[in-house]
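Q: Next up is a structure, given as structure tokens.
The values are calculated or read from the model by the stated rules, or taken from the named source; none is laboratory data. Treat the numbers as computed from the prediction; the structure is a model and nothing was measured. Reconstructed Cβ throughout: ideal geometry from the backbone, glycine too, with neighbour counts over all protein chains shown. Each accessible area value is taken on the protein alone, full model and side chains, heavy atoms only, with ligands, DNA and RNA left out. Shrake-Rupley method; radii C 1.70, N 1.55, O 1.52, S 1.80 Å.
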Amino acid sequence: MRLERITIMLMLLATHTSSATDLEQGRALYIHYCGACHDAGAGHPGTMRLGVSRDQAHAVLTARSDLTTDYVMQISRAGNQMMPPFRATEINDAELAELAAYVTQHYKHTQ
Amino acid sequence: MLPPNLTQADFDRAMDELRAVLGREWVIAEDGPRRASYRDPFAPRDVDKSEPTAAVAPANVSEIQQVLTIARQYRLPLWPISTGRNFGYGGPAPRHAGTVVLDLKRMNRIIEVNEKHAYAVVEPGVSYFDLYRYLQARKIKLWMDPAAPGWGGVMGNLVDRGAGYTPYGEHFMAQCGMQVVLADGTIVETAMGATPNAKARHLYKYGHGAWVDGIFTQSNFGIVTQIGIWLMPEPPGYRPYLVTFPHEDDIHQITEVLRPLKLGMLVPNAATTVGLIWEAAVKVSRAQYYDGKGPLPDSARKRLASDLNIGNWNFYAALYGPEAIMNNNWKVIEESFRQVNGAKFYFEADRGGDPAFAYRAQLMRGIPNMTEYSLLNWVGAGSHVDFSPISPVTGDGALKQFHIMRDLCHRHGFDYIGEFLVGWRDMHHILMLVFERNDEERKRAVRELFEALVNEAAQAGYGEYRTHLDYMDAIAETYHWNERALYRSFEMMKDALDPQGILAPGKSGIWAGRSHHKRS
């Protein structure tokens, strides 16, 4: 229960008050955990999959505006389609919140 | 599911004691996504049933020793994992749900990189991405050897006797020095590491007396907590290449041509002869070429080969060294493969924008990536289990194995998605069985096919080098020469080193408590 409460607080924090430092940390986490599968271009299996299961407009995670931190955190921990879950020993809840903040807000900086 | 012979009350007490050692965060015993993340998500059966009873995550050797003390007291079975990300063989899950996963991912220190002698010392949680980025950040001119998915573990892959694609592709060959914690908590440094203040711990593999490092690979005799691994000095030149061959049965001649090149070290790296669909599936999906059931028909295979400018077999290797040596070696290699009718030759500049060539070129020079994971897109959001027998480097052996495996795949309604990875005197023949992960009927078909593969390969004299959790006993049964003498010796070692059987029950088909009644 306590962990859930902390997670929710972190999610709210990430949604509403992500600082430039948080996003920079989130960017580093994205590069470490996500980029090899989800970056733009050929050779990235996650991008390839989403291009088929959704469409090309939803293929690149960091270009999307429809993702929420809650969803990114949930999918990372539970897995989705062919992506297996990431365990708490691989990326902890606080890091996951930073990562989700970066993924969900990156599109604003590329428009 | 509780561990065998443990009451709920004892289990709860054991968890409380573990929390006192590791902290609440690192004893994951409650229902929820944290524990569910230890399932085998690609299991060709009910995935939910692969969820372990708990997972615990120590941060160092001292905590492992304390966990072992509690495990011995309660007879709590532990399943050690390192990064837990080889999903073709079971991921982070244990063989049986009533087992506690001992997750070593938090032990993720790169303890040493020695540039002078070209080696690294790592803990279990270090991934290929971690080590690569460490080397890059410090501009260290050493190459590591990654397995195909870069999220894999340097130590875990080696201890499971995995392979990569550089000249150091036989990972266990490059191992030197090991730290192991035994079930009784004793810390063992193997080989030269057993001399106090050792000066050659990661330079000479064997030390004095019996050499035991091998018994801690693919086994359950101890928990490996550190490993030394040799790295390859960056060569002055690197030139990856691809040779395509038009016909399926060309695998015979390709392999005959390859053997002397490999033995003579003109092909110095762990090279691959990749089947059509394996090569194609990082770029396209099956639905783009065929929407029917069963294996891809010949007409679709021909379109695939033509559209992507690939062969029924695609040989990837690389030249390493000074220009003059690469140029001379290439003359011999090209002349040799030209003997196969229809062979076509490509270098990097010829395959611009080709993700298959790009990721192979990266792997053969030690750059980890995730591109091969795209194979799961072949059938949509796929899963996979791998069947991987060893073949001699002979045309007859390769062709026979290929025919057995392709025909069985087709008979059971699957595409053959395979490659041959050549070592010094063997080939790992990797068959990736890709299937729709939420389709129970396909999972049943995978199970039937896998059983047939194990049996037919064994009858033909081919054993598997590594396998998924669900097939460890089945593969162990195929190593039965002289009334299971090899496995009986494993059981004697198991009972001597881990008499309570608390470490990784059933790993590689090795079980505790079987040595005495078999000998009597």
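Q: Residue B:287 versus residue B:459, label points 7 Å from Cα toward the beta carbon: distance in nm?
A: Distance between label points: 3.8 nm.
Q: Taking the Cα centre of each part, how many Å lie between the range B:118-157 and the range B:1-80?
A: Each part's Cα centre sits 28 Å from the other's.
Q: Mind listing which chymotrypsin sites (Phe, Trp or Tyr not before Pro) in the range B:418-520 are in a DSSP loop and have 16 or fewer other Cβ atoms within 10 Å?
A: B:424, B:479
Q: What's the buried accessible area, both sides, between A and B using a 1.4 Å probe, rounded to 100 Å²?
A: That pair hides around 2500 Å² of surface in total.
Q: Also, I was wondering about something else. Just the Cα atoms of the range B:479-519, one point each, no solvent: what log10 I(q)/I(0) does Debye give at q = 0.14, 0.22, 0.31, 0.34 Å⁻¹?
A: Debye output, listed in q order: -0.26, -0.63, -1.11, -1.24.
Q: Still on this structure, please answer the following. Using only helices, what value at 222 nm comes out for chain B when you add -39,500 (n - 2.57) per DSSP H run of length 4 or more and divide by the total residues, to the nearest 500 deg cm²/dmol?
A: Helix contribution divided over all residues of chain B: -10000 deg cm²/dmol.
Q: Quickly work out the residue B:208-to-residue B:473 label distance, labels modelled 7 Å from Cα along the C-beta direction, and quote it in nm with one decimal.
A: Inter-label distance under the simple model: 4.5 nm.
Q: Select from the range B:370-400 all residues whose loss of accessible area on going from the chain by itself to the full protein assembly reaches 40 Å² or more (probe 1.4 Å).
A: Going by heavy-atom accessible area, the residues of the range B:370-400 that drop by at least 40 Å² are B:370, B:373, B:377, B:381.
Q: Per residue and in cubic angstrom, what volume does the convex hull of the Cα atoms of the range B:238-468 have?
A: Spread over its residues, the Cα hull of the range B:238-468 gives 117 Å³ apiece.
Q: Can you compute the FRET efficiency between residue B:347 and residue B:439 using 1/(1 + (r/R0)^6), with r the Cβ-Cβ distance and R0 = 30 Å? Round to the nearest 0.05.
A: E(calc), rounded to 0.05, equals 0.15.
Q: How large is log10 of I(q)/I(0) for chain B at q = 0.06, 0.07, 0.10, 0.13 Å⁻¹ when the intensity is taken from the Debye formula with one equal scatterer per alpha-carbon?
A: Cα-only, vacuum Debye calculation for chain B: -0.29, -0.39, -0.82, -1.36.
Q: With the solvent-accessible surface defined on protein heavy atoms using a 1.4 Å probe, which residues belonging to the range B:332-365 display a reduction of at least 20 Å² in accessible area in the multichain context relative to the isolated chain?
A: B:355
Q: With r defined as the distance between the Cβ atoms of residue B:325 and residue B:425 and R0 fixed at 22 Å, what FRET efficiency is calculated, to the nearest 0.05?
A: Calculated transfer efficiency: 0.40.
Q: Using only Cα atoms, locate the centre of the range A:22-82 and the centre of the range B:212-260, then give the distance between them in Å, rounded to an integer.
A: 32 Å
Q: Per residue, how many Å² of accessible area does the protein assembly as shown show with a 1.4 Å probe?
A: 41 Å²
Q: Of all the accessible heavy-atom surface of the protein assembly as shown, with the other protein chains kept in place and a 1.4 Å probe, what percent is carbon and sulfur?
A: Accessible surface attributable to carbon and sulfur in the protein assembly as shown totals 52 percent.
Q: Another question, if that's okay. Averaging over every viewing direction, what projected area does the convex hull of the Cα atoms of the range B:230-293 cover, in nm²?
A: Averaging across all directions leaves 7.2 nm² for the Cα convex hull.
Q: Evaluate E = 1/(1 + (r/R0)^6) for residue B:48 and residue B:199, where r is the Cβ-Cβ distance and R0 equals 56 Å; express this FRET efficiency to the nearest 0.05.
A: 0.60
Q: Also, quick follow-up: Taking the alpha-carbon set of the protein assembly as shown, what are its Rg and Dmax in Å?
A: 24.2, 76
Q: Also, I was wondering about something else. With only Lys, Arg, Asp and Glu charged, each at its Cβ (+1 for the first two, -1 for the last two), find how big the charge dipole of the protein assembly as shown is about the Cα centre; round to the nearest 20 debye.
A: Charge dipole, the protein assembly as shown, about its Cα centre: 620 debye, nearest 20.
Q: Leaving out same-chain residues fewer than 8 places away, which aspartates and glutamates sit with a Cα under 19 Å from that of residue B:293?
A: B:407, B:415, B:436, B:439, B:440, B:441, B:448
Q: Residues of the range A:60-97 with accessible area at least 40 Å² lower in the all-protein-chain context than alone (1.4 Å probe)?
A: For the range A:60-97, once contacts with the other chains are taken into account, A:77, A:81, A:82, A:84, A:85, A:87, A:88, A:89, A:90 lose 40 Å² or more.
Q: Assuming 0.36 nm per residue, please report the length gained on full extension of the stretch residue B:133 to residue B:500 beyond their Cα-Cα distance.
A: Full extension of this stretch gives 128.1 nm more.
Q: I need the per residue convex hull volume for the range B:110-233, using only the alpha carbons, in cubic angstrom as a whole number.
A: In the range B:110-233, the Cα hull volume divided by residue count equals 103 Å³.
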